[in-house]
Each structure stands twice: as structure tokens, then as C-alpha cells.
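Remarks on the structure that follows.
The values are calculated or read from the model by the stated rules, or taken from the named source; none is laboratory data. All figures in this text were calculated on a predicted structure; none of them were measured in a lab. Quick reminder, even Gly has a Cβ in these numbers, built from the backbone with ideal geometry, and neighbours come from all protein chains shown.
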Ligand SMILES: NC(=O)c1ccc[n+]([C@@H]2O[C@H](COP(=O)([O-])OP(=O)(O)OC[C@H]3O[C@@H](n4cnc5c(N)ncnc54)[C@H](O)[C@@H]3O)[C@@H](O)[C@H]2O)c1
């Protein structure tokens with residue numbers, strides 16, 4: 001299935017585990033992909049993820065907290081490929097602290113909100129501005145998390161930030177549709193996916209890799225760990241014309257964990 005033939009996608013946090021998986025999926029379906037991420041170590045990370053230089057996506061330096069860098073990244077995507085059909089707001093961080101809510105540092109709270117919320121807000125804005133101006137419109141997909149649906153003992157800043165991503169998605173979706181922009185905005189909300197983002201924390205929490213993986217499996221009724229490919233498939237669906245009547249939606253990818 002080549003749902004993204006002749007289409008271009010920009011993925012923020014594109015050198016991370018999920019970003020690479022989403023890029024591979026969109027490329028397999030015909031997309032030209034541009035990865036945006038922080039510049040430190042980017043050439044090495046890009047080459048490691050895509051050893052074949054011929055099939056390597058383009059890279060743009062992008063700090064998602066900076067509006068001017070979003071403008072430049074979108075402009076570079078359009079300069080390279082003529083248009084931007086898909087924008088995935090994937091860059092995100094978890095807290096370095098696991099502490100009860102009353103002990104969250106304001107600075108740490110603000111760091112998470114700057115990257116997870118401001119970064120997504122600015123990405124959505126940059127996407128909307130470019131996509132509304134081109135024929136055919138476009139689709140934006142934001143990375144939330146099931147952490148944005150529920151409370152937790154020690155994940156208050158991250159959960160709160162992902163909850164904000166969930167509602168800003170709906171605000172942008174309705175506003176864009178009512179304005180006649182022909183741009184859809186949706187969100188995916190994964191449960192734990194085994195990536196560097198969470199790996200160390202879970203190994204520490206459960207005292208070893210296998211114990212941690214078994215604990216994560218046990219958290220959901222399907223007893224499998226959500227894979228990067230599962231998230232990539234959901235992103236691809238929401239970005240594709242198959243979802244042409246879907247906007248403002250939350251697609252939860254968690255093996256049934258939330259609903260039990
Ligand atoms: N891994 C999980 O279990 C999980 C679950 C739910 C949601 N998510 C979300 O999925 C997304 C991707 O996570 P991942 O697991 O691939 O993590 P990751 O750490 O592998 O990748 C995150 C990427 O974001 C980049 N990044 C960080 N700050 C940035 C900034 N200011 N500007 C641009 N890029 C920046 C990092 O360099 C990295 O490449 C995040 O939004 C995360 O919150 C992850």
C-alpha cells in the first residue's frame with residue numbers, strides 16, 4: 001500500500017526510537033521524510049538508523065521549543081520536496097525525577113511543558129500555517145501518552161504535559177476545520193513502548209530488564225509490550241487519506257491497559 005506516494009512528512013524528535021520507526025513506516029508507504037531533531041550527534045544517529053545512505057531521510061536541526069526553528073524546518077521541508085503533507089509532533093521527554101506531586105521542581109515542570117507542550121503547540125502552528133496555504137491541505141499527528149489520561153504517584157509533570165497535548169490537539173482540530181483549512185489534527189496515546197525514553201527508569205524500578213519487561217507486559221490485558229511499529233502504524237493511519245473524516249481523535253495504543 002503506497003498511501004503516501006508523492007507526499008512529504010516532517011517528524012520532530014525524528015532521531016529517537018519512535019521517530020525512526022514512524023519514518024520507516026511512512027517511507028515504506030512512499031513518503032519522502034524529513035527528520036527534525038536536536039543537532040548534537042545527529043549525523044551519527046542518522047547514519048546508525050539508516051545505514052544505507054541512498055535510503056536515508058533528510059535531517060533538519062530542530063529544537064521544538066523555538067518557534068523560529070519550526071519555521072525554518074518547515075521551510076526546509078518545502079524547499080527540499082515542494083510541500084509538507086504530514087507533520088508528526090513526536091519530540092518529547094520524560095522527567096528525570098520520579099517524585100510525588102508536592103515535590104516536583106517548578107523548573108522541571110517547566111522543562112517538560114516547554115518541550116512536550118510548547119513544542120507540540122509550535123509544531124501544530126507551523127504545520128497549520130504551511131498546510132492551509134497549499135492545495136490538498138495536510139495532516140498533523142501528535143504524540144500524547146496514556147499518562148495524560150490518568151493520575152500517578154510520581155509522574156505528575158509528564159502526565160500533565162501529555163494531557164495538555166491531548167486537548168490542544170482537539171482545539172487545533174476544531175479550529176482548523178471550522179476555518180476551512182483542510183488540515184486534520186489527531187493524537188496517538190501509547191502505553192509503555194520499550195525505548196530508551198523509559199528503559200532505564202523501568203529497569204531501575206523493577207530491578208532488572210526481564211523483570212521490568214514482564215511487569216510491563218502484565219500491565220495490559222493483551223500481555224504484550226506495545227511496539228514502535230504499533231505506534232507507527234497508528235500514526236500512518238491517522239496521517240493517511242484512510243482517516244480523511246477523522247480529526248481531533250485520540251487513538252490509544254496500549255493493549256487495553258487503560259480500559260481495564
Ligand atoms: N516510549 C514510550 O513508552 C512512550 C509512551 C507514550 C508516549 N511516548 C512519546 O513518544 C514520543 C517519542 O518517544 P521515544 O520513546 O521515541 O523517546 P526517545 O527519547 O527515543 O526520542 C525522543 C526524541 O526527541 C528528541 N528531543 C528531545 N528534546 C527535543 C527538542 N527540544 N527538540 C527536538 N527534539 C527533541 C530527542 O533528541 C529524541 O531523539 C515522545 O513524545 C514520548 O513522550 C513514548
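Only residues that are more than 10 Å from the ligand (Cβ to nearest atom) and surrounded by 20 or more Cβ atoms within 10 Å (Cβ to Cβ) were counted in region 33-45, giving 2. Only one entry of 65, 96, 120, 77 meets the criterion of being within 16 Å of the ligand (Cβ to nearest atom), touching a residue at least 12 places away in the same chain (Cβ under 8 Å), buried (at least 20 other Cβ atoms within 10 Å of the Cβ) and more than 20 Å from residue 174 (Cβ to Cβ), and that entry is 77. Return yes when residue 134 is surrounded by fewer than 17 Cβ atoms within 10 Å (Cβ to Cβ), more than 13 Å from the ligand (Cβ to nearest atom), in a helix (DSSP H, G or I) and at pLDDT 95 or above and no when it is not. Criteria not met by residue 134.
Region 145-238 holds helices (runs of 4 or more DSSP H) entirely within its bounds, and those carrying 1 or more residues that are under 20 Å from residue 118 (Cβ atoms) and away from the ligand (no atom under 11 Å from the Cβ) map to 156-178. Contact annotation: no residue pair with Cβ atoms under 8 Å, 6 or more positions apart or on different chains, pairs a residue in region 195-220 that is more than 21 Å from residue 258 (Cβ to Cβ) and in contact (Cβ under 8 Å) with a residue 40 or more places away in the chain with a partner that is away from the ligand (no atom under 13 Å from the Cβ) and part of a loop (DSSP other than H, G, I, E, B).
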